[in-house]
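Coordinate-derived values only; no laboratory data. All of these numbers come straight from a predicted model, not from anything done at the bench. Cβ sites come from the backbone with ideal geometry, for glycine too, and all protein chains shown count toward neighbours.
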Amino acid sequence: MSQITQEDALKIAAQVMHPAIDRNLVDLGIVKDIEIKGTHATVTFAFPALNIPIADQLIGSVRSILEKQGLSVDHQVTVMSQPELQSFLAMEQAAWKGL
């Protein structure tokens, strides 16, 4: 299997759509970064606030799609910065489809 790059991993993660917003998790800034070392990926998730009810669902969706590419996956969680949050809220308002 060929080496998956950070760019490849982000493209793969971008296939995961938010269930209530018509945007993918990379565009929304929820998948903030993916660090690749060999066959190991560490995904950094940035959420608008702590204790987001669907956080585990979103993390699991990204983990699953990356594991299908042969990567072992760990994750870290952080809260969006104020500029990231403003961008997220603008996209949420423009593309809200509801649950």
Rounded to two decimals, the Rg over Rh value of the chain from Cα coordinates and the Kirkwood Rh reads 0.97
Dividing the mean separation of Cα pairs under 8 Å (6+ apart) by the residue count of the chain yields a relative contact order in percent of 32
Taking 0.36 nm per residue of separation between residue 50 and residue 24 and subtracting their Cα-Cα distance, the length gained on full extension comes to 7.4 nm
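Just to verify a number: FRET efficiency for residue 92 and residue 11, C-beta to C-beta distance, R0 = 22 Å, to 0.05? Write down the numbers at each step before the final one.
Details: r = 23 Å, r/R0 = 1.02.
Result of the calculation: an efficiency of 0.45.
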